[in-house]
1. What does the C-alpha gyration tensor say about the overall shape of the chain? Classify as rounded when a/c is under 1.5, otherwise prolate if a/b is larger than b/c, or oblate.
2. Shape call for the stretch 84-133 from the C-alpha gyration tensor, a ≥ b ≥ c root eigenvalues: rounded (a/c under 1.5), prolate (a/b greater than b/c) or oblate?
3. In Å², and per residue, what accessible area does the stretch 315-432 have when probed at 1.4 Å with the other protein chains present?
4. Place a label point 7 angstrom from the Cα of Phe108 along the Cα-to-Cβ direction, then list the residues of the stretch 49-71 whose backbone nitrogen is under 15 Å away.
5. In this model, which of Lys230/Lys397; Lys240/Lys386; Lys227/Lys275; Lys155/Lys189 are farther than 18 Å apart at the alpha-carbon?
6. Between Asn274 and His46, how high is the FRET efficiency from 1/(1 + (r/R0)^6) when r is the Cβ-Cβ distance and R₀ = 35 Å? Nearest 0.05.
7. Classify the stretch 304-393 from the C-alpha gyration tensor, please: rounded if a/c falls under 1.5, else prolate or oblate depending on whether a/b exceeds b/c.
8. Taking 0.36 nm per residue of sequence separation and subtracting the Cα-Cα distance, how much length would be gained by fully extending the chain between Ile126 and Asp143, in nm to one decimal?
Amino acid sequence: MSETINNCFDSHTHFLGTGQVALELSLRDLKSALDVSELKIEQHHHRGEWLVGFGWNHNNWVPSDLPHKSILDKVFPDKPVFFSRVDGHSSWINSKAIEVLKQKGFDFSKDPQGGKVLRDLNGEPIGILQDQAHINALLILPDYTDQQLSHFLVKSGEIFNTGGFTHLRDMSMTFRQWQLQKALCEQQKLKIYCEGFITVESVKDLDRGLSEYQRCLDNPCAQLKVKGLKIFIDGSLGSKTAYLSQNYVGENQRGLLIWSATDIKATIAYCWRNKMEVAIHCIGDESVHTVAQCAREVSAAGLLGKIHIEHAQLLRPETIPLLKPLHVYVHMQPCHWLSDHPWLQDCIGDLTKYLFQWEALRKNRIHVDFGSDSPIEPTNLLLTRKALLESAKSIPKPSEDWKRFHAYPTSGWGQCQTEFDDQGIIAINFEGEVIRFR
């Protein structure tokens, strides 16, 4: 028997990146670092002279060591290579890439704030960049053309529709993307309603973010909303850069707090003062607690606004009372449990008791939505149900109907419906246009 959801919502996505990853070189099937020698390289896998790919995961390899630049050097000695890890928080690069990045001003001799350049005992980079170092290098790569970006966006729309979604939040919006996406919506090439958040890299970047936000507002589109700014304050569990309250198992470090508490408070205040919402990526328990404390201090000073906690994969019980008085939305991804649970115990030890506290949040009347974090995970409505069922042995299921967490929370924006059953998505109805998948 089929079920339906009105305005089916993926609450945390990277919309452009979803199509980009789908059409570029996939590294998800690598069984070891050495398997790069078997990759089938096509011309469209390049950005300018750079070979780019996405999806390697050393946690699935035996042994599960981080890869080294020397492996890439043997296979790709003459072209710069930039391979992003599956979580989007680390990159694996070769010696040619290091050479080109140095020419472009990248400093491998020191770690940027909120990032790491991994080095050997002699101080030489091994070819792994983490968090802000990864982002800084990625920003140096050649840009895509408008035609390429539009192609990625159309592919993204198809992927989200096939996964059952007609509504989403995009956590990587730019004004350039907004313009291209608006044109595609007006040409009826996208069957998606999209909220956008502009990513900013530092406090110094806030004015640029506000400018892009305002430009989006000044160029309206019926299928698009721009909501505010987004920041990353920690990394990921897979890269061991999410900020924890205790050390990672077997290591003398507990991740990265990429932004200082002072800068987090300044950003929250900046957004609320300018009538924008603020979305904050925080995965580790200590990063979520830090954000809650910062937001409470800003609100106590008389500024009020909406704050979005992105991921909250680990959440301590004492953090929840700090969140309750805030105008807060928490966006969680049950599908991460499917990917992460085989190795989480070995990674974070007894902190697993704080995993995925969606039911504790719901009981405390804190709004929770579910998403996929696509392209980090596949976007598919039924993956949420699968994750909730399989994790129930160790994590309490939401006592409320799980479909509620995938319904767009504001009425009046779109008249859409998704039909599905145990086998998958049957059809979506987008403003009266029915798209059938079987």
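1. Numbers: a/c = 1.34, a/b = 1.18, b/c = 1.13.
The shape class here is rounded.
2. Working: a/c = 1.34, a/b = 1.23, b/c = 1.08.
Cα axes put the stretch 84-133 in the rounded bin.
3. On the way: 5040 Å² over 118 residues.
For the stretch 315-432, the solvent-accessible area averages 43 Å² per residue.
4. 68-71
5. Working: Lys230/Lys397 29 Å; Lys240/Lys386 26 Å; Lys227/Lys275 9 Å; Lys155/Lys189 10 Å.
Where the Cα-Cα span goes over 18 Å, the pairs concerned are Lys230/Lys397; Lys240/Lys386.
6. Working: r = 39 Å, r/R0 = 1.12.
Working from the Cβ atoms, E equals 0.35.
7. Numbers: a/c = 1.93, a/b = 1.34, b/c = 1.44.
Since a/c reaches 1.5 but b/c is at least a/b, the shape of the stretch 304-393 is classed as oblate.
8. Numbers: separation 17, 0.36 × 17 = 6.12 nm, distance 2.56 nm.
Length gained, Ile126 through Asp143: 3.6 nm.
The values are calculated or read from the model by the stated rules, or taken from the named source; none is laboratory data. Here the structure is a predicted model, which means the values were calculated and not measured. Heads up, the Cβs are rebuilt from the backbone with ideal geometry, glycines too, and the neighbour counts pull from every protein chain shown. Note: areas computed on protein heavy atoms with side chains; ligands, DNA, RNA excluded. Shrake-Rupley method; radii C 1.70, N 1.55, O 1.52, S 1.80 Å.
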